[in-house]
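Asker: Please read through the structure below; I'll follow up with questions.
The values are calculated or read from the model by the stated rules, or taken from the named source; none is laboratory data. Here the structure is a predicted model, which means the values were calculated and not measured. Virtual Cβ from ideal backbone geometry, glycine too; neighbours counted across all protein chains shown. Each accessible area value is taken on the protein alone, full model and side chains, heavy atoms only, with ligands, DNA and RNA left out. Shrake-Rupley method; radii C 1.70, N 1.55, O 1.52, S 1.80 Å.
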There are 2 protein chains.
Amino acid sequence: MMPRIDRRDFVRGVALAGLAAEAKGDDKITPVQAAAEAKDVTRRLAHYVVASKPEDVPKLVNKEAARTLLNWVGCAVGASRHESVEIAIGALAPFAGPAQATLLGRKERMDVLNAALVNGIASHIFDYDDTHLKTVIHPAGPVASAILALSEYRPVSGRDFVHALVLGVEVECRIGNAVYPAHYDAGWHITGTTGVFGSAAAVGKLLGLTDQQMTWALGIAATQPVGLKEMFGTMTKSFHPGRAAQNGLTAAMLASRNFTSSEQALEAKSGWANVLSTARDYTEITKMLGQTYEISLNTYKPYACGVVVHPAIDGCIQLRNQYNLTATQIERIDLRVHPLVLELTGKKTPQTGLEGKFSVYYAAAIALVEGAAGEKQFNDALVRDPGIVALRDRVTATVDPSVGEAQVKIAITLKDGRRLEKTVEKVIGSVENPMSDAALDVKFLDLTSGVLPLAQARKLLDLCWNAEMLPSAGEIAKAAALS
Amino acid sequence: MMPRIDRRDFVRGVALAGLAAEAKGDDKITPVQAAAEAKDVTRRLAHYVVASKPEDVPKLVNKEAARTLLNWVGCAVGASRHESVEIAIGALAPFAGPAQATLLGRKERMDVLNAALVNGIASHIFDYDDTHLKTVIHPAGPVASAILALSEYRPVSGRDFVHALVLGVEVECRIGNAVYPAHYDAGWHITGTTGVFGSAAAVGKLLGLTDQQMTWALGIAATQPVGLKEMFGTMTKSFHPGRAAQNGLTAAMLASRNFTSSEQALEAKSGWANVLSTARDYTEITKMLGQTYEISLNTYKPYACGVVVHPAIDGCIQLRNQYNLTATQIERIDLRVHPLVLELTGKKTPQTGLEGKFSVYYAAAIALVEGAAGEKQFNDALVRDPGIVALRDRVTATVDPSVGEAQVKIAITLKDGRRLEKTVEKVIGSVENPMSDAALDVKFLDLTSGVLPLAQARKLLDLCWNAEMLPSAGEIAKAAALS
């Protein structure tokens with residue numbers, strides 16, 4: 001693999017510069033200013049996407065795009081045999097078009113629109129994909145699913161592909177910033193409702209749309225938002241990023257042939273932001289366009305469960321590795337946690353892998369035993385394993401109001417009387433403490449093992465890291481197909 | 001053609017019975033009652049659709065379904081060569097599946113999902129399709145587009161087809177009743193946002209879904225609403241019923257294979273009615289299910305323009321026919337109109353067919369000259385015809401607050417000094433004064449002329465009237481194909 005710039009330099013560079021600039025901004029604007037800010041928002045955003053050139057984007061931003069891409073590919077391949085994927089393929093195959101694009105991790109191919117849908121579904125099933133923490137958008141699903149499928153049908157260089165990925169994420173996250181949290185609180189699954197714009201913009205960029213066409217593409221996207229939060233806990237949740245990818249693709253394809261739409265789809269009285277949110281700040285869409293990049297703020301989950309449990313897992317793995325611990329040495333584990341931890345993951349005796357994700361007790365135990373908490377650690381057999389159950393029952397968790405959401409205080413008492421302590425201040429996987437490139441590699445290989453042969457997975461990983469240099473981005477998709 | 005029961009008997013029967021029953025209802029309910037009404041709304045609606053049998057539906061309701069169907073087919077065939085349709089086919093054909101279903105009025109065939117989209121688009125282009133006036137939903141587009149395309153792929157009897165059409169319209173209009181007008185006022189194009197449910201329910205019925213699956217189908221539909229009012233005036237408006245048909249089809253197909261979804265998609269806190277509307281009354285969805293039929297309240301436009309101009313056109317045509325008028329006899333035409341008429345259609349010197357739709361002056365003139373105001377009467381050549389322009393310039397329109405929206409007062413002064421007057425109290429095309437079957441035939445043949453040979457159009461019309469008796473409903477689609 002290529003030498004890489006460490007992500008930490010990156011965070012201290014571009015991303016934090018953007019955050020600092022934002023902190024200086026004045027959040028209080030008058031109605032007159034608000035009207036001025038609203039003017040031509042859709043057109044201005046469309047123009048930015050059309051005018052942006054690959055060379056405008058800093059190298060470190062493209063580096064983050066590679067991290068975003070490989071994390072997304074790993075998740076999609078990893079869940080490619082899930083029941084949700086099987087059902088979607090079975091239901092839609094009779095109506096699908098030519099075998100234009102790869103279904104990641106599978107043998108079948110489908111037309112571009114259906115491949116985008118299926119890969120988008122797969123990538124969200126484990127809830128292990130990337131997160132733009134400011135808005136809780138999972139940015140890659142809608143955008144990468146659309147453009148990777150397209151790139152097998154309409155060849156595109158790796159450079160243009162990565163550029164489109166950056167722009168698509170920029171569009172969806174900026175629109176998300178403009179309406180978060182009101183829009184999310186209203187009940188919308190923001191990944192699907194903003195993802196349509198990200199997909200339309202990225203595909204539109206690759207299709208070479210004009211300003212007018214790109215504006216229409218955003219309009220056709222605006223009228224097809226996907227996703228109510230009510231669907232959480234069902235297969236339909238994963239449907240959202242997939243359908244957003246497909247809707248955005250459709251929007252860009254129609255616009256490329258001059259299917260007309262509104263030219264102020266975002267800001268009009270009956271436009272997207274007014275209809276789908278009780279509050280909005282259009283400056284989030286237009287300020288410093290081309291100067292900051294939302295993909296710089298993207299994060300990746302190190303553990304295959306809700307983020308509230310991550311500090312406990314992080315600390316337990318650190319203690320395990322620091323002291324080379326084994327389960328039999330441990331007398332008891334005492335956790336001091338943020339209140340949400342017990343509210344959301346207080347299940348004492350989980351019986352299935354899925355229930356294990358909602359048990360901080362099981363999560364701490366498996367972290368100590370396996371030194372990991374990937375999708376494989378949350379399976380029925382391990383959750384019921386007598387040794388792990390015995391350790392799990394020696395875990396206590398107490399709410400401590402002084403402990404933040406990204407924090408935990410751990411005390412492990414060993415049978416030999418020693419007491420080991422660990423305080424996690426900034427959990428791994430946050431913007432400030434991102435997963436390292438090496439950790440992303442491990443996550444990727446873990447997700448893809450059992451689906452793709454190891455050699456193929458390594459090659460695929462390498463292609464993702466080097467996406468920008470590929471003559472044809474479609475190679476990534478082809479390398480993810482099961483032969 | 002078959003002998004038919006006259007529509008007027010029908011209106012005095014089932015539909016008005018439903019209206020009367022409704023008028024007795026108490027609109028003021030307490031929060032406790034509201035919570036009770038909300039309970040299991042989605043499940044109850046799903047159960048009704050699953051349990052309903054063709055023989056449960058009164059004959060007069062099925063008669064109205066035939067009227068709904070033929071009006072929709074006429075509109076779709078009529079607009080089948082419109083630029084919006086050409087673009088949609090061109091953009092999507094490269095990704096489309098097998099040639100399973102007819103594009104009405106065209107030679108090409110597409111897969112079921114794309115055919116539903118394209119036919120749905122076509123049917124709304126002239127804004128000449130059916131209207132459920134209580135909610136301004138255009139009910140046929142989303143439902144008929146979906147099930148007619150399906151019926152060529154999965155054979156279905158005419159009886160079951162008509163039953164599914166009735167049920168689909170019931171579902172979308174009841175959901176519309178529950179949130180209208182708040183939902184529409186918020187900016188949603190209600191045809192696309194409720195149409196997904198209608199399509200899912202009708203397709204789900206034909207697929208034989210269980211209660212559980214139908215509930216999921218409504219859930220998958222709920223998460224894919226289509227349509228912002230901001231798109232009015234662009235091609236994207238017509239996209240809405242088409243996409244709603246396609247999304248509902250997809251929802252039912254996925255649910256038929258047990259793709260899970262919410263089981264309270266309509267009424268949950270983050271469900272469709274709470275997220276997409278500021279007010280809602282769930283009793284509109286559940287009361288008297290199976291006793292009243294919303295399709296009984298469906299109406300059809302006699303003229304191819306906005307309804308505010310219809311009274312003036314109606315009155316002018318009546319005077320023309322009553323006195324056998326010609327343009328040269330007429331000295332002047334004075335209209336007393338509802339205020340909205342000049343607000344929406346006050347254009348004095350229209351230059352194009354489309355502009356003619358927004359000119360009450362042109363509309364009155366063309367009605368007097370042609371005795372009709374179909375799509376063909378709103379073309380550029382007629383709008384610029386010197387004789388018609390001269391007559392148009394002799395029309396005055398004055399706002400009269402005593403004139404209702406469905407009314408007009410007309411005074412025509414002839415060159416021989418006679419003064420002819422006409423007051424329209426209830427415009428043709430309203431629920432109380434519906435288009436006759438014969439008028440629907442004329443509209444159908446007018447819409448289809450120039451697209452289909454007359455003999456074929458007559459056969460197609462006959463099939464629509466007799467849909468319920470057909471061994472296979474797909475015959476209707478096949479008869480609408482260009483050979």
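Asker: Only residues in the stretch B:263-280 that are facing chain A (nearest Cβ under 10 Å) count as the first member; pair them with residues that are of a type in the set (D, E, K, R) and not in a loop (DSSP other than H, G, I, E, B), Cβ under 7 angstrom, at least 6 apart or cross-chain, and list the lot.
Answerer: So the pair list comes out as B:Glu263/B:Arg43; B:Ala265/A:Glu230; B:Ala268/A:Glu230; B:Ser270/A:Lys229; B:Ser270/A:Glu230; B:Gly271/A:Glu230.
Asker: Which count do you get for residues in the stretch A:416-431 that are in contact (Cβ under 8 Å) with a residue 40 or more places away in the chain and under 26 Å from A:Tyr293 (Cα atoms)?
Answerer: So the answer is 5.
Asker: Determine, yes or no, whether A:Ile410 is touching a Leu at 6+ places or on another chain (Cβ under 8 Å) and closer than 19 Å to A:Leu368 by Cα.
Answerer: Against the criterion (touching a Leu at 6+ places or on another chain (Cβ under 8 Å) and closer than 19 Å to A:Leu368 by Cα), A:Ile410 qualifies.
Asker: Oh, and also: Looking at the stretch B:123-136, can you tell me whether even one residue there is part of a helix (DSSP H, G or I) and either under 19 Å from the mean Cα position of the chain (by Cα) or of a type in the set (Ser, Thr, Tyr) (or both)?
Answerer: yes
Yes or no, residue by residue, for (1) surrounded by fewer than 21 Cβ atoms within 10 Å (Cβ to Cβ); (2) modelled with pLDDT of 95 or more; (3) within 30 Å of A:Ile410 (Cβ to Cβ); (4) in contact with a Gly (Cβ under 6 Å, 6 or more places away or on another chain):
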| residue | (1), (2), (3), (4) |
| --- | --- |
| A:Ala255 | no, yes, no, no |
| A:Gly290 | yes, yes, no, no |
| A:Cys316 | no, yes, yes, no |
| A:Arg332 | yes, yes, yes, no |
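Asker: Let me confirm something: among A:Gly219, A:Gly195, A:Gly242, which residue is open to solvent by less than 10 Å² (accessible area, probe 1.4 Å), of a type in the set (Gly, Ala, Ser) and over 20 Å from A:Phe161 (Cβ atoms)?
Answerer: Of A:Gly219, A:Gly195, A:Gly242, the one residue that is open to solvent by less than 10 Å² (accessible area, probe 1.4 Å), of a type in the set (Gly, Ala, Ser) and over 20 Å from A:Phe161 (Cβ atoms) is A:Gly219.
Asker: Still on this structure, please answer the following. Can you name the condition, by its number, that A:Leu319 falls short on among (1) in a helix (DSSP H, G or I); (2) without any contact (Cβ under 8 Å) to a residue 60 or more places away in the chain?
Answerer: So A:Leu319 meets the others, but not (2).
Asker: From the list B:Gly141, B:Gly187, pick out the single residue that is under 29 Å from B:Glu284 (Cβ atoms), among the small types (Gly, Ala, Ser) and surrounded by fewer than 24 Cβ atoms within 10 Å (Cβ to Cβ).
Answerer: Values: B:Gly141 fails: surrounded by fewer than 24 Cβ atoms within 10 Å (Cβ to Cβ).
B:Gly187 is the lone residue from the list that is under 29 Å from B:Glu284 (Cβ atoms), among the small types (Gly, Ala, Ser) and surrounded by fewer than 24 Cβ atoms within 10 Å (Cβ to Cβ).
Asker: Those residues that are of a type in the set (D, E, K, R) and within 28 Å of B:His132 (Cα to Cα), I need them from the stretch B:299-354; list them, please.
Answerer: Residues satisfying the conditions are B:Lys301, B:Asp314, B:Arg336, B:Glu343, B:Lys347.
Asker: So, one more: Of the conditions (1) over 15 Å from the mean Cα position of the chain (by Cα); (2) assigned to a helix (DSSP H, G or I), A:Gly168 fails just one. Which one is it?
Answerer: (1)
Asker: Here's another thing I want to ask about it. Give the number of residues within the stretch A:144-164 that are in a helix (DSSP H, G or I) and either over 18 Å from A:Lys478 (Cα atoms) or open to solvent by 10 Å² or more (accessible area, probe 1.4 Å) (or both).
Answerer: 6
Asker: Further question on the same structure: Quick test of your reading of the structure: B:Tyr128 fulfils all but one of (1) of a type in the set (Ser, Thr, Tyr); (2) within 14 Å of chain A (Cβ to nearest Cβ); (3) more than 30 Å from B:Glu55 (Cα to Cα). Name the failing condition by number.
Answerer: With (1) of a type in the set (Ser, Thr, Tyr); (2) within 14 Å of chain A (Cβ to nearest Cβ); (3) more than 30 Å from B:Glu55 (Cα to Cα) applied to B:Tyr128, the lone miss is (2).
Asker: Next question. Just checking, which of B:Lys28, B:Lys24, B:Lys59 is over 23 Å from B:Pro453 (Cβ atoms) and either at pLDDT 95 or above or in contact with a Cys (Cβ under 9 Å, 6 or more places away or on another chain) (or both)? Step through it out loud before you land on a result.
Answerer: Details: B:Lys28 fails: either at pLDDT 95 or above or in contact with a Cys (Cβ under 9 Å, 6 or more places away or on another chain) (or both); B:Lys24 fails: either at pLDDT 95 or above or in contact with a Cys (Cβ under 9 Å, 6 or more places away or on another chain) (or both).
Exactly one of B:Lys28, B:Lys24, B:Lys59 is over 23 Å from B:Pro453 (Cβ atoms) and either at pLDDT 95 or above or in contact with a Cys (Cβ under 9 Å, 6 or more places away or on another chain) (or both), namely B:Lys59.
Asker: From the list B:Leu133, B:Leu60, B:Leu103, exactly one residue is crowded, with 24+ Cβ neighbours inside 10 Å and out of contact with any His (no Cβ under 9 Å at 6 or more places or on another chain). Which is it?
Answerer: B:Leu103
Asker: Among the residues that make up the stretch A:165-172, is at least one of them touching a helix residue (DSSP H, G or I) at 6+ places or on another chain (Cβ under 6 Å) and either over 29 Å from A:Glu267 (Cβ atoms) or aromatic (Phe, Trp, Tyr) (or both)? Before the answer, list the steps.
Answerer: The first filter runs over the stretch A:165-172 and keeps only residues touching a helix residue (DSSP H, G or I) at 6+ places or on another chain (Cβ under 6 Å), leaving A:165-172.
Now drop any that are not either over 29 Å from A:Glu267 (Cβ atoms) or aromatic (Phe, Trp, Tyr) (or both), which leaves none.
For the stretch A:165-172, residues touching a helix residue (DSSP H, G or I) at 6+ places or on another chain (Cβ under 6 Å) and either over 29 Å from A:Glu267 (Cβ atoms) or aromatic (Phe, Trp, Tyr) (or both): absent.
Asker: Are any of the residues in the stretch A:197-213 facing another protein chain (nearest Cβ under 8 Å), in a loop (DSSP other than H, G, I, E, B) and not polar (S, T, N, Q)?
Answerer: No, the stretch A:197-213 contains no residue that is facing another protein chain (nearest Cβ under 8 Å), in a loop (DSSP other than H, G, I, E, B) and not polar (S, T, N, Q).
Asker: A follow-up question, please. Does the stretch A:163-181 include one or more residues that are in contact with a Lys or Arg (Cβ under 7 Å, 6 or more places away or on another chain), within 17 Å of A:Glu284 (Cα to Cα) and either within 14 Å of chain B (Cβ to nearest Cβ) or modelled with pLDDT under 95 (or both)?
Answerer: The answer is yes; a qualifying residue exists.
Asker: Out of all the residues in the stretch A:301-313, which are open to solvent by 10 Å² or more (accessible area, probe 1.4 Å) and in a helix (DSSP H, G or I)? Steps first, please.
Answerer: At the first step, the residues of the stretch A:301-313 found to be open to solvent by 10 Å² or more (accessible area, probe 1.4 Å) are A:301-303, A:306-308.
The answer is A:Val307, A:Val308.
Asker: Among the listed residues B:Ala96, B:Ala51, B:Ala38, identify the single one that is more than 19 Å from B:Met235 (Cα to Cα) and modelled with pLDDT under 95.
Answerer: B:Ala38
Asker: Counting only residues that are more than 30 Å from the chain's Cα centre (by Cα) and crowded, with 20+ Cβ neighbours inside 10 Å, how many does the stretch B:393-436 have? Working first, answer last.
Answerer: Of the residues in the stretch B:393-436, the ones more than 30 Å from the chain's Cα centre (by Cα) are B:393-396, B:398, B:411-421.
Of the ones still in play, those that are also crowded, with 20+ Cβ neighbours inside 10 Å are B:395, B:412.
Here the count works out to 2.
Asker: Answer yes or no as to whether B:Val341 is under 30 Å from B:His183 (Cα atoms), under 20 Å from the mean Cα position of the chain (by Cα) and either more than 14 Å from every other protein chain (Cβ to nearest Cβ) or open to solvent by 50 Å² or more (accessible area, probe 1.4 Å) (or both).
Answerer: Working: under 30 Å from B:His183 (Cα atoms): yes; under 20 Å from the mean Cα position of the chain (by Cα): no; either more than 14 Å from every other protein chain (Cβ to nearest Cβ) or open to solvent by 50 Å² or more (accessible area, probe 1.4 Å) (or both): yes.
Judged against the criteria, B:Val341 is not a match.
Asker: Also, quick follow-up: Please go through the stretch A:224-262 and give me each residue that is on the phi > 0 side of the Ramachandran plot and more than 7 Å from chain B (Cβ to nearest Cβ), ordered by number.
Answerer: Within the stretch A:224-262, just A:Gly233 meets the criteria.
Asker: Could you check the stretch A:37-114 for helices (runs of 4 or more DSSP H) lying wholly inside it with 1 or more residues that are within 14 Å of another protein chain (Cβ to nearest Cβ), in contact (Cβ under 8 Å) with a residue 24 or more places away in the chain and among the hydroxyl-bearing types (Ser, Thr, Tyr)?
Answerer: Those helices (runs of 4 or more DSSP H) span A:41-51, A:83-92.
Asker: Across the stretch B:384-433, what is the number of residues that are in contact with a Ser or Thr (Cβ under 8 Å, 6 or more places away or on another chain) and of a type in the set (Gly, Ala, Ser)?
Answerer: Adding up the residues that qualify gives 3.
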